[in-house]
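Below is one structure, written out as structure tokens; comments come after it.
The values are calculated or read from the model by the stated rules, or taken from the named source; none is laboratory data. Just so it is clear, the model here is predicted, and its values are computed rather than measured. Don't worry about glycine lacking a Cβ; one is built from the backbone with ideal geometry, like all the others, and counts go over all protein chains shown. For the accessible areas, the whole protein counts, side chains as well, though only heavy atoms, and no ligand, DNA or RNA atoms are used. Shrake-Rupley method; radii C 1.70, N 1.55, O 1.52, S 1.80 Å.
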Amino acid sequence: MNEQLKVSVKELHKSYGNNEVLSGINLEVAPKEVVCVIGPSGSGKSTLLRCLNGLEQINSGIIEINGYNLVDKKTDINKVRQNIGMVFQHFNLFPHLSVIENIMLAPVQLKKLTKVDAKKRAVRLLDQVGLSDKADVKPASLSGGQEQRVAIARALAMEPEIMLFDEPTSALDPEMVGDVLAVMKDLATNGMTMVVVTHEMGFAKEVADRVAFMDGGKIQEIGTPDEVFNHPQNTRTQDFLSKVM
Ligand code: ADP
Ligand code: MG
């Protein structure tokens, strides 16, 4: 067990029925590292993120988060999960709660924070994502980009050590994308450990420490943005990049 690593995945295999979706994934993420995962639709990116969050039954392999083995029955999976924030393509805010109540909910329920402390934290987070003026409105009155920034604030309210993003800007109108990416870049700059599945190649180039290219349930290539984008070694990477860039 390497306590220096935030994420350590070894020979991860995951099937749905007869369909092997992850075919031997190896991935290590160091503290404060940002790894962007790119690759074609159906290559297993979302499944990998769900495995990291303990949301999937895996077939074989080892997944360690903060040194805790997710597969070990003695591991308190809920405790581990509280240290992982996850942001999806579709934001799933609670529609009947105000923005600030959405952000306060989990810390009050799961971390037993007092409402006063949870509110202080939520106010700070709303400022961080640039939405201080939206505390008391309902999610329905927000734009998609604003909703997604609230979703990020809500995930951060649990003070996670790792943030997982699954195509957080793919469902947004183009003019909303920049604000969400700016919040994510800010998080990265401030030392959050992040795994980001994205189609935003500009973001990956600029913000990632390493870029992983997935295809056919495998990480085909992983390296610095310069290595993967400018000097891809794998023909599948070359082919994918020629289509998206
Ligand atoms: P990506 O995020 O790269 O587009 P996914 O991880 O969503 O890829 O999917 C990888 C493969 O796993 C696809 O063939 C998809 O159809 C399949 N898959 C994903 N989730 C499920 C599920 N819950 N049940 C069955 N098959 C699934
Ligand atoms: Mg996906």
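The table below lists the values:
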{"read-out": "Some residue of the stretch 20-32 being open to solvent by less than 30 Å² (accessible area, probe 1.4 Å), under 14 Å from the mean Cα position of the chain (by Cα) and closer than 25 Å to Leu110 by Cα", "value": "no"}
{"read-out": "Unmet requirement for Leu97, which otherwise passes all of (1) open to solvent by 40 Å² or more (accessible area, probe 1.4 Å); (2) touching a residue at least 12 places away in the same chain (Cβ under 8 Å)", "value": "(1)"}
{"read-out": "Failed criterion for Leu105 (all others in (1) open to solvent by less than 50 Å² (accessible area, probe 1.4 Å); (2) of a type in the set (A, V, I, L, M, F, W, C); (3) modelled with pLDDT of 95 or more hold)", "value": "(1)"}
{"read-out": "Hits in the stretch 1-33 (condition: of a type in the set (S, T, N, Q), assigned to a strand (DSSP E or B) and touching a strand residue (DSSP E or B) at 6+ places or on another chain (Cβ under 7 Å))", "value": "Ser8, Ser15, Ser23, Asn26"}
{"read-out": "Residue ID - most open to solvent (accessible area, probe 1.4 Å), chosen from residues in the stretch 43-83 that are within 17 Å of the chain's Cα centre (by Cα) and hydroxyl-bearing (Ser, Thr, Tyr)", "value": "Ser46"}
{"read-out": "Where Val80 falls short, out of the listed (1) at pLDDT below 95; (2) within 21 Å of Leu52 (Cβ to Cβ); (3) touching a helix residue (DSSP H, G or I) at 6+ places or on another chain (Cβ under 6 Å)", "value": "(3)"}
{"read-out": "Single residue of Ala182, Ala157, Ala153 found to be out of contact with any Ser or Thr (no Cβ under 9 Å at 6 or more places or on another chain), surrounded by fewer than 18 Cβ atoms within 10 Å (Cβ to Cβ) and hydrophobic (A, V, I, L, M, F, W, C)", "value": "Ala182"}
{"read-out": "Candidates Lys243, Lys218, Lys205 - the one that is in contact with a helix residue (DSSP H, G or I) (Cβ under 7 Å, 6 or more places away or on another chain) and open to solvent by 50 Å² or more (accessible area, probe 1.4 Å)", "value": "Lys205"}
{"read-out": "Residue match in the stretch 201-214 (condition: outside any strand (DSSP E or B), more than 16 Å from ligand 1 (Cβ to nearest atom), out of contact with any strand residue (DSSP E or B) (no Cβ under 8 Å at 6 or more places or on another chain) and without any contact (Cβ under 8 Å) to a residue 12 or more places away in the chain)", "value": "yes"}
{"read-out": "Lone unmet requirement of (1) more than 14 Å from the chain's Cα centre (by Cα); (2) among the basic types (Lys, Arg); (3) more than 10 Å from ligand 1 (Cβ to nearest atom) for Lys6", "value": "(1)"}
